[in-house]
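First up is the structure itself, then whatever we jot down about it.
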Amino acid sequence: MITSIDVAADGPTVVVKLAPYEESHSIYKSNESLRSENAAPDGFNVVDTDVETTLSFQVLLEGIGISLIDKVPQEMLYFSCKNMEFSYRDSKLNQTIGLKLHWLQVRS
């Protein structure tokens, strides 16, 4: 059995709903090419719907580094990443947030 995990905002509360997955009620469809008769699907894709996008943006950063410094000042932690991609899409049906990091380094 496949379980659907739905996350929604209800005022200041975040609601997580677990329910049996029903393909007929979901925008996420199983990858038929990856499915065999006796196996669960290995992945899902979002079906392209004709829902109007209200806001969409993408931020691409070649590289970024952040230092956490104490009162002395002394570096306590350094975080850096390369090829970071952040995307956001909002529509009347759903919100999609994506984050991709191609290289990540954390040192103390």
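Just so you know, all these numbers are worked out from the coordinates, no wet-lab data involved. What you see is a predicted model, and the numbers here were worked out from it, not measured in a lab. Heads up, the Cβs are rebuilt from the backbone with ideal geometry, glycines too, and the neighbour counts pull from every protein chain shown.
Just wondering, is there one or more residues in region 66-80 that are in contact (Cβ under 8 Å) with a residue 40 or more places away in the chain and either of a type in the set (A, V, I, L, M, F, W, C) or closer than 30 Å to ASN45 by Cβ (or both)? No, because not a single residue in region 66-80 is in contact (Cβ under 8 Å) with a residue 40 or more places away in the chain and either of a type in the set (A, V, I, L, M, F, W, C) or closer than 30 Å to ASN45 by Cβ (or both). Among the residues of region 60-79, just one is under 30 Å from ASN94 (Cα atoms) and exposed (fewer than 10 other Cβ atoms within 10 Å of the Cβ), namely GLU62.
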